[in-house]
Amino acid sequence: MPGTLLATLIVTLALEIYLFIEVGGALGAGWTLLLMFATAFWGMNRVRSQGMAVLAEAQAAQKQGRAPLAAVGHGVLIIFGGLLLVLPGFFTDGLGLLLMLRWTRLLVLESLLAIVLPQLMRGFQMRQTHAAQPRSSEPRDPKPHSGPDIIEGDYRVEDDDR
């Protein structure tokens, strides 16, 4: 995981430098800097306005008795998108701009849930299986039992019609 994060960071930085050179060559240094400051300013304003909309959505969900999980997910992605817009660079600006769009946030949230939920369920099932296993001090039989399972016990029939 740390290796993947480092590789992603290096590729992103290299892409940002390349885009700075290309845009700076096409527009000039002054316009490039102005464009970077404009996207940062716009990003801060979008975070504020969309953050308020998501807050209102969360409050409405709470009033209806529902958990505001979708609003929290959108809020986190809006903050992350705003951070990407404030960071200097055109690639991060593009990603931040995409996260400011509701349909993109929905796509990201659905993708993350599709990845994370199965792993959570597997972990939950493993914990349930582990908790259901007997915890005895006796060593377990390493050979599997191949015969039929027989449960011995006593029973009696009680009539409810007394």
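The values are calculated or read from the model by the stated rules, or taken from the named source; none is laboratory data. Computed from a predicted model, the values in this text were never measured in an experiment. Don't worry about glycine lacking a Cβ; one is built from the backbone with ideal geometry, like all the others, and counts go over all protein chains shown.
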Quick check on residue 87: is it of a type outside the set (Val, Ile, Thr) and either closer than 18 Å to residue 12 by Cβ or modelled with pLDDT under 85 (or both)? yes
Is there a residue in region 5-13 that is in a helix (DSSP H, G or I), touching a residue at least 60 places away in the same chain (Cβ under 8 Å) and under 19 Å from residue 85 (Cα atoms)? yes
Given the conditions (1) modelled with pLDDT of 65 or more; (2) more than 17 Å from the chain's Cα centre (by Cα); (3) exposed (fewer than 10 other Cβ atoms within 10 Å of the Cβ), and given that residue 119 satisfies all but one, which numbered condition is not satisfied? (2)
With respect to residue 40, determine if the residue is surrounded by 15 or more Cβ atoms within 10 Å (Cβ to Cβ) and out of contact with any Ser or Thr (no Cβ under 8 Å at 6 or more places or on another chain). yes
Taking first residues from region 86-105 that are free of Cβ contacts under 8 Å to residues at least 24 places away in the same chain and second residues anywhere that are crowded, with 20+ Cβ neighbours inside 10 Å and among the small types (Gly, Ala, Ser), the pairs with Cβ under 6 Å that are 6 or more apart or on different chains are 99/81
Determine whether residue 16 is part of a helix (DSSP H, G or I), under 24 Å from residue 71 (Cα atoms) and either of a type in the set (D, E, K, R) or touching a strand residue (DSSP E or B) at 6+ places or on another chain (Cβ under 9 Å) (or both). no
